[in-house]
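Accompanying notes for the structure given below.
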Amino acid sequence: MFSENKLINTAYQRASRKLIVSCVCIAMGLGLLAYSVIGFHAKTRDIRHLNYIITSDEKDKTGRLAYGDFVGFFEFATYGEDTGYYIAYDEEFFYIMSMPEKDFDYFAGLYDDNAGSTRIYGRTFSLPEEAKSYAISALNEEMETNYVTYSNFEDVFGDVCLAARKQSSLLGFNGYIETMAPWFIFSIFFLVGGILYLLISRKQRKDLDIFKDNGLVENEIVRQMNSENCVTYEKAMLALTDDYLVSLAEPIAVAKYSDIAWAYITRHRTNMISDYNYLNVLTKDGKAIHCANSSSFGKKNKTASQQFHEEILSRLAAKNENILFGYTEENREAYSSILKAR
C-alpha cells in the first residue's frame, strides 16, 4: 500500500493500473510488429512463378507476390497517363503484365544473357474487362491468326496478370508496408498508445511523491488529509484540508489556499462526446488546476453538480477571502494584473 490515506492510495492504484495497461499495449504492439515482419518474410519466401499461381486451384489468386521469366514482352495498351499493358511470353505460355511506362527501360535492362530471359517480380491482379479486347487483337495480329477469343482468353493468358514492380520496392520496406499494412498499423497504434500511457502513468506516480514522508518527519499534506478537519470528495478525488486544496484526479495538483488567486466553474466539451463542468483554480504564479469534475453526477443531475461546485467555492472563500470567484471580464483583468505584479 502506497499510503494510509484512502484518496492517495486510490490515485496510486489508478496510476499503477495505467502502468500495467501501458505495458500490455506495448507488448501487444511489439508482438503484432514481430508477427507482421515474420509474416512478410514468410510471404517473400513463398513467391511463386506466375504460371504456378495461374494453374493452381486457389480461389483467390489476386494480390499474390509472383515472378515470371519472360523471353520477351511488347506493349498493347496504355491505362491512365503512365501505365502500360504488355503481352509477355516465355518458351511455353503467354501472360499479361502491367508496368509504369517510365520503368520500361529498367525492366528491359534486366535481361539475363545466360538465362535467356528477364525475371520480373510483381503482384497479381485481375485484368480490366475493357483491356481484354486490346490484348486479343494485339496477339492475333502478332500471330497473324484469329485464334484468341473471349471464350478462350483465360486458356491463353491465364486468369490473373502481373503488375510489375521493382524488386527493391516489392520486397523492401515499401513492399512490407503494402503487404502487412493492417498489422503494421495496429502494431504502431498499440505501441504509440502504450508509450503515451506509460509516460502518463509514470508522471502520475512521480507527482504522487509529493505525499511521501521526508525521513522521520510526517508529510504535512498527508497529515492534514488524515485530519478530521479535512473535507474529502472521493468521487471527484478532491480533498480540502486546513491549508491545502489537493486534487488527485488527472493531473495531480496541490495548492495552498493563500496561493490561489482565481476560481471559477467552466465546461469541458469535446466534439459533443464529453460534456461536464469542472472547477478551474488559478494560482498567483500562473498554474491552472482542473479539478472537481462533475461527470460522476451524470449529465441529467445538474442540480447536484451545481450544489457540489457551490459548496467547494464556499469552502475556498472561507479559507481565503481574497480569491476572485466567477469568470468575468473584471476578474480576468484583475488576475492578469496579479500575474504582472509578480
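Which one of these does N146 not meet: (1) in contact with a helix residue (DSSP H, G or I) (Cβ under 7 Å, 6 or more places away or on another chain); (2) surrounded by 11 or more Cβ atoms within 10 Å (Cβ to Cβ)?
Of everything listed in (1) in contact with a helix residue (DSSP H, G or I) (Cβ under 7 Å, 6 or more places away or on another chain); (2) surrounded by 11 or more Cβ atoms within 10 Å (Cβ to Cβ), N146 misses just condition (2).
Here's a check for you: in segment 129-142, which residue that is more than 9 Å from Y85 (Cβ to Cβ) and within 44 Å of the chain's Cα centre (by Cα) is surrounded by the most Cβ atoms within 10 Å (Cβ to Cβ)?
K132
Determine whether T10 is within 30 Å of L238 (Cβ to Cβ) and more than 18 Å from the chain's Cα centre (by Cα).
Yes, satisfied.
Can you confirm whether L170 is in a loop (DSSP other than H, G, I, E, B), surrounded by 15 or more Cβ atoms within 10 Å (Cβ to Cβ) and at pLDDT below 90?
No; evaluated as a whole, the condition is false for this residue.
Against the definition (without any contact (Cβ under 8 Å) to a residue 24 or more places away in the chain and hydroxyl-bearing (S, T, Y)), how does Y86 come out, yes or no?
When the stated conditions are applied, Y86 passes them.
For segment 77-92, enumerate the residues that are of a type in the set (D, E) and either under 16 Å from E130 (Cβ atoms) or not assigned by TED's automatic domain parsing to the domain that holds I136 (or both).
Across segment 77-92, there are no qualifying residues.
Applying the selection to segment 223-240, what residues are in contact with a Lys or Arg (Cβ under 9 Å, 6 or more places away or on another chain) and crowded, with 18+ Cβ neighbours inside 10 Å?
Selection gives M237, L240.
Please enumerate the residues belonging to segment 45-89 that are of a type in the set (S, T, Y), surrounded by 16 or more Cβ atoms within 10 Å (Cβ to Cβ) and out of contact with any Asp or Glu (no Cβ under 9 Å at 6 or more places or on another chain).
Answer for segment 45-89, where residues must be of a type in the set (S, T, Y), surrounded by 16 or more Cβ atoms within 10 Å (Cβ to Cβ) and out of contact with any Asp or Glu (no Cβ under 9 Å at 6 or more places or on another chain): Y67, Y89.
Does segment 301-331 hold any residues that are under 39 Å from the mean Cα position of the chain (by Cα), charged (D, E, K, R) and under 19 Å from A255 (Cβ atoms), and which are they?
Across segment 301-331, there are no qualifying residues.
Being under 13 Å from V160 (Cα atoms), in the same structural domain as F157 (by TED's automatic domain parsing) and surrounded by 15 or more Cβ atoms within 10 Å (Cβ to Cβ): is that true of S126 here?
no
Would you check if there is a residue in segment 90-112 being surrounded by fewer than 18 Cβ atoms within 10 Å (Cβ to Cβ) and small (G, A, S)?
Checking segment 90-112: at least one residue is surrounded by fewer than 18 Cβ atoms within 10 Å (Cβ to Cβ) and small (G, A, S).
Run down K235, K212, K206, K256 and say which single residue is at pLDDT 90 or above and either at positive phi or basic (K, R) (or both).
Being at pLDDT 90 or above and either at positive phi or basic (K, R) (or both) holds for just one of K235, K212, K206, K256, which is K256.
The values are calculated or read from the model by the stated rules, or taken from the named source; none is laboratory data. Computed from a predicted model, the values in this text were never measured in an experiment. Counting neighbours? That spans all protein chains shown, and the Cβs are built from the backbone with ideal geometry, glycine included.
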